[in-house]
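Colleague: I have a structure here, written as structure tokens, and I will follow up with some questions on it.
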Amino acid sequence: MKVFRIAIVPAALIALGTGTVAYGLHQPGVVGDHRAMSSPSAANTVITMSATGDIMMSNAPGNLPPENGAGFFDSVASSLKADLVMGNLEQPLTGDTGASKCGSPPTPNCFAFRSPPSYARHLHDAGFDLVNTANNHTLDYGPVGARNTRAALKSAGVLATGKLDEITVTQVKGVRIAVVGFAPYAGLNNLNDLRHSREIVLSAKRQADLVVLQVHMGAEGMDRQHVRPGHEIFLGEDRGDPIAFSHAMIDAGADLIIGHSPHVLRGMQFYRGRLIAYSMGNFAGGGKALSSRGLLKYGGILRVSLEKDGTYVSGSFLSTQMNSIGLPIRDSANERGRQLVEQLSADDFGATRPRFGADGSIRPQI
């Protein structure tokens, strides 16, 4: 029998040493309430979630943000607020483990990133409840760096998802929410293995009311804004077929899909009433860890409200951009990110694209 790890590490239990627990595929999961909220009846409860794109807070050891990152997210913290706040952590939080993937001296054109473990507190202070670690930088400093990252997040009270077969379940207002991270790599939940991916989503649906996927999918670069059918190849890597994967996972029970990897914004689509954001772009690149050149500077905060059964209630997109030192700021004057997503959605998804309001609202066409 396939066994999936059901992570039940709510902040309220972290101090008690609660860790990841293994449950069988058909066994019920035990779910913790990370916000200590409860509701007599969650039948009509609406849950609002917010999600960002890629987050790198520094490029340690030499390129750290001002004040060692204190107040890193202050300019966007109020816009992040939701029942569940999620981001894609695109680097380990670790000291130098001596196991950089780039070796020593570094291999030319190889990029290994890290931030100090203490920076996990900046995520907590900004309101992040959960981060995804399923991406191409999670092992930049080897397995030890990955373990250090989890320890730092746990200490700061931030949940994580992204390990192989890991289903991270939390509870908000009496509603159980499962979040699962995918990437196109062996050793993680490989989005190119559709059979295994379906099994994970089916298991998550048995454990929770809502299932949210954080997915590292698609090729990278300013010329990769558009989503087309078929597999995308980047530097020899098969980065998956974003459309086929997303549709298959919604068929299996996913309620919301948040894409990462291209480092640029991509369009959005409704499929069977569920929203797919194919790429949220770059959100933060402190210490100039991420380029803010051209289209690479733009990102956003996606807010989505769902009923307990996954029914879409409302959504909105708040544009952000990275400033000259990579900190995230709101782009409320121009809303350039929203303009890009709206145009790309129209170009790539036609009748299944969302309707965007002047206020940033997101609605299905019908």
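What follows is calculated from the coordinates using simple rules that are stated; it is not laboratory data. On a predicted model such as this, the values are computed, not experimentally measured, just so you know. Note that each Cβ is placed from the backbone with ideal geometry, even for glycine, and that neighbours are counted across all protein chains shown.
Colleague: What tally of residues in the range 320-343 results from selecting those that are free of Cβ contacts under 8 Å to residues at least 40 places away in the same chain, closer than 23 Å to Pro65 by Cα and not charged (D, E, K, R)?
Modeller: Within the range 320-343, residues that are free of Cβ contacts under 8 Å to residues at least 40 places away in the same chain, closer than 23 Å to Pro65 by Cα and not charged (D, E, K, R) number 3.
Colleague: Could you tell me whether Phe73 is under 23 Å from Asn136 (Cα atoms) and either crowded, with 17+ Cβ neighbours inside 10 Å or among the hydrophobic types (A, V, I, L, M, F, W, C) (or both)?
Modeller: On the way: under 23 Å from Asn136 (Cα atoms): no; either crowded, with 17+ Cβ neighbours inside 10 Å or among the hydrophobic types (A, V, I, L, M, F, W, C) (or both): yes.
No.
Colleague: If you go through the range 283-301 one residue at a time, do you hit one that is among the aromatic types (Phe, Trp, Tyr) and within 16 Å of Pro262 (Cβ to Cβ)?
Modeller: Taking the range 283-301 as the starting set, the residues that turn out to be among the aromatic types (Phe, Trp, Tyr) are 283, 298.
Checking which are within 16 Å of Pro262 (Cβ to Cβ) leaves us with 283, 298.
Yes, some residue in the range 283-301 is among the aromatic types (Phe, Trp, Tyr) and within 16 Å of Pro262 (Cβ to Cβ).
Colleague: Then there is this: Quick one: in the range 200-223, which of the residues that are acidic (Asp, Glu) and within 20 Å of the chain's Cα centre (by Cα) is farthest from Val172 (Cα to Cα)? I'd like the intermediate steps shown before the answer.
Modeller: Filtering the range 200-223 for residues acidic (Asp, Glu) gives 209, 220, 223.
In the following step, the residues that additionally are within 20 Å of the chain's Cα centre (by Cα) were identified as 209, 220.
On the way: Asp209: 11, Glu220: 34 Å.
So, considering only residues that are acidic (Asp, Glu) and within 20 Å of the chain's Cα centre (by Cα), the one farthest from Val172 (Cα to Cα) is Glu220.
Colleague: Restricting to the range 87-106, what's the tally of residues that are closer than 20 Å to Ala126 by Cβ and either touching an Asp or Glu at 6+ places or on another chain (Cβ under 7 Å) or surrounded by fewer than 21 Cβ atoms within 10 Å (Cβ to Cβ) (or both)?
Modeller: Counting residues in the range 87-106 that are closer than 20 Å to Ala126 by Cβ and either touching an Asp or Glu at 6+ places or on another chain (Cβ under 7 Å) or surrounded by fewer than 21 Cβ atoms within 10 Å (Cβ to Cβ) (or both) gives 4.
Yes or no, residue by residue, for (1) acidic (Asp, Glu); (2) free of Cβ contacts under 8 Å to residues at least 24 places away in the same chain; (3) in a loop (DSSP other than H, G, I, E, B); (4) touching a Cys at 6+ places or on another chain (Cβ under 9 Å):
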| site | (1), (2), (3), (4) |
| --- | --- |
| Thr52 | no, no, no, no |
| Met86 | no, no, no, no |
| Ala99 | no, no, yes, no |
| Gly103 | no, yes, yes, yes |
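Colleague: Mind checking which residues of the range 179-209 are surrounded by fewer than 21 Cβ atoms within 10 Å (Cβ to Cβ) and closer than 27 Å to Ile233 by Cα?
Modeller: Result: Tyr185, Ala186, Gly187, Asn190, Asn192, Asp193, Leu194, Arg195, His196, Arg198, Glu199.
Colleague: From Ala358, Ala346, Ala289, grab the single residue that is farther than 16 Å from Thr52 by Cα, among the hydrophobic types (A, V, I, L, M, F, W, C) and without any contact (Cβ under 8 Å) to a residue 24 or more places away in the chain. Give the steps one after another, and end with the answer.
Modeller: Details: Ala346 fails: without any contact (Cβ under 8 Å) to a residue 24 or more places away in the chain; Ala289 fails: without any contact (Cβ under 8 Å) to a residue 24 or more places away in the chain.
Just a single option satisfies the conditions, and that option is Ala358.
Table: residues versus (1) touching a helix residue (DSSP H, G or I) at 6+ places or on another chain (Cβ under 8 Å); (2) polar (S, T, N, Q).
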| position | (1), (2) |
| --- | --- |
| Pro242 | no, no |
| His247 | no, no |
| Ser261 | no, yes |
| Gly267 | yes, no |
| Gly273 | no, no |
| Leu306 | no, no |
| Ser319 | yes, yes |
| Arg330 | yes, no |
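Colleague: Next question. I need the full set of residues from the range 260-280 which are among the small types (Gly, Ala, Ser) and within 16 Å of Arg338 (Cα to Cα), in order please.
Modeller: Step one: list which residues in the range 260-280 are among the small types (Gly, Ala, Ser), which gives 261, 267, 273, 277, 279.
Answer for the range 260-280, where residues must be among the small types (Gly, Ala, Ser) and within 16 Å of Arg338 (Cα to Cα): Gly267, Ala277, Ser279.
Colleague: I want to confirm something. Restricting to the range 247-301 and keeping residues that are among the aliphatic types (A, V, I, L, M) and surrounded by fewer than 24 Cβ atoms within 10 Å (Cβ to Cβ), which single residue is farthest from Leu327 (Cα to Cα)?
Modeller: Let us first name the residues in the range 247-301 that are among the aliphatic types (A, V, I, L, M), namely 248-250, 252, 254, 256-258, 264-265, 268, 275-277, 280, 284, 289-290, 295-296, 301.
Filter once more, so that each one left must be surrounded by fewer than 24 Cβ atoms within 10 Å (Cβ to Cβ): 248, 250, 252, 275, 295-296.
On the way: Ala248: 35, Ile250: 33, Ala252: 37, Leu275: 28, Leu295: 16, Leu296: 13 Å.
Residue satisfying both the conditions and the ranking: Ala252.
Colleague: Exactly one condition in (1) crowded, with 24+ Cβ neighbours inside 10 Å; (2) touching a residue at least 60 places away in the same chain (Cβ under 8 Å); (3) over 13 Å from the mean Cα position of the chain (by Cα) is false for His226; which is it?
Modeller: Of (1) crowded, with 24+ Cβ neighbours inside 10 Å; (2) touching a residue at least 60 places away in the same chain (Cβ under 8 Å); (3) over 13 Å from the mean Cα position of the chain (by Cα), only one is false for His226: (1).
Colleague: Taking into account only those residues within the range 135-178 that are closer than 14 Å to Val215 by Cα and touching an Asp or Glu at 6+ places or on another chain (Cβ under 7 Å), which is surrounded by the most Cβ atoms within 10 Å (Cβ to Cβ)?
Modeller: Within the range 135-178, the match that is surrounded by the most Cβ atoms within 10 Å (Cβ to Cβ) is Asn135.
Colleague: With outside any helix (DSSP H, G or I), more than 23 Å from Gly315 (Cβ to Cβ) and acidic (Asp, Glu) as the only criterion, which of Asp125, Asp74 stands out?
Modeller: Sole residue among the options that is outside any helix (DSSP H, G or I), more than 23 Å from Gly315 (Cβ to Cβ) and acidic (Asp, Glu): Asp74.
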